[in-house]
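No lab work stands behind these numbers, since they all come straight from the coordinates. Note that the structure is a prediction, hence the values are computed from the model and not measured. Here the Cβ positions follow ideal geometry from the backbone for every residue, glycine too, while neighbour counts run over all protein chains shown.
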Amino acid sequence: MKPIVSHPDFEAWNKPNTMSTHNEEPSLQAEIQKIRPGPVNFLNRLDAVTSGIVVTVRDPAKMKEYQDLWQQASTRKIYIGLHRRPNGFEMKPQVWDLPLTDKTEGRKNPQGLSKDRVPSRTLFTPLLETRYFVLSAMVLESGRQHQIRKHAALARCEIVGDFRYGDSKYLGSLNSYVPDLRLGLHAGVLQWSPGEIRAEIPEFFEKHMPGARAAFEAFLSLDP
């Protein structure tokens with residue numbers, strides 16, 4: 001496995017949806033340590049079932065500097081998502097700003113206990129639709145655990161293949177006609193001062209929403 005960006009201070013990796021960041025094997029951490037043994041300093045982490053950009057900082061002494069940069073409003077984390085299409089769906093941008101907990105929850109209460117909820121914000125822009133699916137670009141404006149997956153479920157626009165927050169009956173039927181089912185969420189673009197980073201969009205998105213890559217590129221070209 002090779003980094004998609006190699007900078008004097010950091011590296012960026014395109015994590016597949018078949019490995020964790022570091023908790024369970026197979027892991028991105030183990031793959032990196034095959035290249036260079038020793039500690040791996042993760043600037044961000046993705047769920048095992050989410051693919052896309054993960055950044056590691058070479059020198060732990062610079063971690064605080066990059067953590068601060070990661071939190072700046074000018075730093076934009078843009079995801080591509082494949083969603084279940086709700087009845088009566090309108091192809092209009094939405095702001096998902098329901099407060100969420102910063103921990104793992106479940107389909108019965110994605111928001112978690114009210115006393116533990118904190119402000120959370122996701123910008124959702126639908127790009128393409130079919131009878132069954134919606135393709136979106138989503139900008140993560142805060143970083144709560146499972147934020148996009150929770151917000152999507154609460155908006156009745158669940159991420160395809162989300163076995164934690166999605167509707168179990170729907171997922172059961174989906175499995176029968178989408179044999180390659182995975183979580184339809186990919187951290188595709190990081191825009192920050194060191195330069196834009198892009199992780200190639202998996203074939204899954206193009207297969208189930210033809211034109212997905214072109215639509216995402218068009219969004220990026222117009223997004224301020």
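Annotations for the structure displayed:
- More than 21 Å apart - percent of Cα-Cα pairs taken over the chain: 56
- Backbone N under 20 Å from the residue 163 label point (7 Å along Cα→Cβ), restricted to the range 101-142: 104-110
- Equivalent ellipsoid, the range 85-218 (semi-axes from 5 times Cα gyration tensor eigenvalues, Å): 23, 21, 14
- More than 19 angstrom apart: percent of Cα pairs within the range 1-71: 27
- Backbone N under 15 Å from the residue 87 label point (7 Å along Cα→Cβ), restricted to the range 158-183: 170
- Each stretch of four or more DSSP H residues adds -39500 (n - 2.57); spread over every residue of the chain, this sum gives -6500 deg cm²/dmol at 222 nm.
- With neighbour counts taken as other beta-carbon atoms within 10 Å, the residues 221, 173 rank, fewest first, as 221, 173.
- Note on residue 142 and residue 196: the extension gain reaches 17.5 nm, defined as 0.36 nm multiplied by sequence separation minus the Cα-Cα distance.
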